[in-house]
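Structure first, then comments.
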Amino acid sequence: MPGQTWSLCTLLWLSLWGVSYCRSSREAQTTKGPPLIRNKRAPIDPDAKKCSYTFLVPEHKITGPICASSTGPEPDKDRVTRIDIADVREVISKQRREIETLQLVVDVDGNLVNEMKLLRKESRNMNSRVTQLYMQLLHEIIRKRDNSLELAQLENRVLNVTSEMMRLASRYKELEARFSTMAGVVNNQSVLISALEDQCLRRLGHGELPVAPPLVQVVPQKLPVNHRFTNEIQRDHNNRAFPRGPRMDSPTASPFGTDPPAPQGTLTPDGPYRDCFQVRQAGHTTSGMYLLRTTGSDRLIQAWCEHGLDNGGWTVLQRRRDGSVNFFRNWENYKRGFGNIDGEHWLGLENIYNLGRQGDYKLMVELEDWTGKKVYAEYSSFHLEAESEGYRLRLGSYQGNAGDSFSSHNGKQFTTLDRDKDAFSGNCAHFHKGGWWYNACGQTNLNGVWYSGGVYRSKFQDGIFWAEYGGGFYSLKTTRLMIRPID
Ligand SMILES: [Ca+2]
């Protein structure tokens, strides 16, 4: 600002000076009247260029005194304004620019102030948030401390429960051993009771009553019940109380029922195939119901194909698993087949016979006990003879881990309640409550009564038994008979 003031003053001074000089010369030129006699000018020297006052003397005869004015003539107002305006404008525009600059600075300052205010506000908010978080942290720390106390208590409780469990487990093992002994005793007692009953009847003169078949004497050293420490068995615990009986919902009322097979589930639309092995070869890998038609037969069969076992291709002939189907049936039923293809069922003797005629098949017997353990018995060849031969059983050699309880039935005809083809004086199907290839009566019947829980007590060995695996008084949980062409 002082610089500006100084320039302004200098400018004003110069203006005033210029005005005085120019006015003086103009006055000299414009003065009307007699020509002026110019004074002889002083020789021109560099200093003469400097502005100085020139006194012009008119050529009139000077009659009076000559007055020299030190202040000079009045300035030319127009010339002053024009020169000045440009300079002033420049100054003004300079000032304006400076004012604009200042304005910008002021604006920036204003923004800074606003920002500062915002920052202060934010800072206040942050402070309150930090305080809040701090309080939360404190709260959390206190809660954690409480939790750790609870955890310690829980740990103690878990330790107590664990020790209690161990105690119970050892107690359970004791009971299990006792149960095993008792089961053996029951098995022997059943045999003894049966013998005593025979003696009684004979002594009382009732010899004409039907004689019961000899009971299987096989009493395995270790019944499957020895390993029944599983959830499944615990779940079924309520069903295992002695005395055991068949399932109340087991439809054993009419052994002459004639209901045809009632397939359920989804039937695969393509086919028919000659057997499940061909189904497998056709690329099907899902176990399920498939349509079969055996060579030389017009009859379509719905069968369950098992593809989840040993590369698949197994045609299921018989299945037990829950006692939902009555197996105490007549010849016609066993011939045609019955049950639910996706559940318990019998494929039918005629169908089994037709399947076996197509080629060389092997038989797989799959058994599952009530601990969930599965064992198997495989026979190197299998087929049936025609109905005229009573669907006689033809078996090859045994291999497996279930024990061989079926070879003693090899070469036997099929017996049902209404068609006695067995080697016993009475009808084995009557005592064992299901059709089978009985001998007199034999080491196995997988078409008997489905008893829940394993060991059962009955006058006759009418459960689903395989003497080599569990004895005559252990009813298996699930069974399957399956065939597949010999590799
Ligand atoms: Ca007989």
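The values are calculated or read from the model by the stated rules, or taken from the named source; none is laboratory data. Note that the structure is a prediction, hence the values are computed from the model and not measured. All Cβ positions, glycine included, derive from the backbone under ideal geometry; neighbour counts span all protein chains shown. Only protein heavy atoms, including side chains, enter the accessible area calculation; ligands, DNA and RNA are left aside. Shrake-Rupley method; radii C 1.70, N 1.55, O 1.52, S 1.80 Å.
Tell me, please, whether a residue that is within 25 Å of G453 (Cα to Cα), free of Cβ contacts under 8 Å to residues at least 60 places away in the same chain and open to solvent by 30 Å² or more (accessible area, probe 1.4 Å) can be found in region 393-400.
We begin by selecting, within region 393-400, every residue within 25 Å of G453 (Cα to Cα); these are 400.
Narrowing further to those that are free of Cβ contacts under 8 Å to residues at least 60 places away in the same chain: 400.
Right, trim to open to solvent by 30 Å² or more (accessible area, probe 1.4 Å) and you get 400.
Within region 393-400 (the criterion being within 25 Å of G453 (Cα to Cα), free of Cβ contacts under 8 Å to residues at least 60 places away in the same chain and open to solvent by 30 Å² or more (accessible area, probe 1.4 Å)), the answer is yes, since at least one residue qualifies.
Does region 442-456 contain at least one residue that is open to solvent by 30 Å² or more (accessible area, probe 1.4 Å) and within 16 Å of the ligand (Cβ to nearest atom)? Checking region 442-456: not a single residue is open to solvent by 30 Å² or more (accessible area, probe 1.4 Å) and within 16 Å of the ligand (Cβ to nearest atom). With the checklist (1) out of contact with any His (no Cβ under 6 Å at 6 or more places or on another chain); (2) in a loop (DSSP other than H, G, I, E, B); (3) open to solvent by 20 Å² or more (accessible area, probe 1.4 Å) in hand, flag the one item N439 doesn't pass. The failed condition is (1).
Consider region 348-366 and keep the residues that are in contact with a helix residue (DSSP H, G or I) (Cβ under 6 Å, 6 or more places away or on another chain) and part of a helix (DSSP H, G or I). The one that is nearest to F406 (Cα to Cα) is L349. Going through region 426-438 one residue at a time, which ones are in contact with a Lys or Arg (Cβ under 7 Å, 6 or more places away or on another chain) and within 10 Å of the ligand (Cβ to nearest atom)? The answer is Y438, and nothing else.
Of the residues contained in region 325-334, none is found to be open to solvent by less than 10 Å² (accessible area, probe 1.4 Å), within 17 Å of V279 (Cβ to Cβ), under 42 Å from the mean Cα position of the chain (by Cα) and of a type outside the set (S, T, N, Q).
Can you pull out the residues in region 288-324 that are assigned to a loop (DSSP other than H, G, I, E, B), open to solvent by less than 40 Å² (accessible area, probe 1.4 Å) and of a type in the set (S, T, N, Q)?
Filtering region 288-324 for residues assigned to a loop (DSSP other than H, G, I, E, B) gives 293-300, 307-313, 321-324.
Checking which are open to solvent by less than 40 Å² (accessible area, probe 1.4 Å) leaves us with 294, 297, 307, 312-313, 323.
Result: T294, S297.
Please tell me if K335 is part of a helix (DSSP H, G or I) and either under 19 Å from N410 (Cα atoms) or in the same structural domain as S405 (by the TED database) (or both). Spelling it out, K335 is indeed part of a helix (DSSP H, G or I) and either under 19 Å from N410 (Cα atoms) or in the same structural domain as S405 (by the TED database) (or both).
Among the residues of region 349-365, is any among the aliphatic types (A, V, I, L, M) and within 37 Å of the chain's Cα centre (by Cα)? Yes, there is a match, as at least one residue in region 349-365 is among the aliphatic types (A, V, I, L, M) and within 37 Å of the chain's Cα centre (by Cα). Filtering region 176-202 to residues that are of a type in the set (V, I, T) and touching a strand residue (DSSP E or B) at 6+ places or on another chain (Cβ under 9 Å) leaves only V186. Of D418, D369, D404, D422, all but one fail to be more than 16 Å from the ligand (Cβ to nearest atom), touching a helix residue (DSSP H, G or I) at 6+ places or on another chain (Cβ under 6 Å) and of a type in the set (D, E, K, R); the exception is D369.
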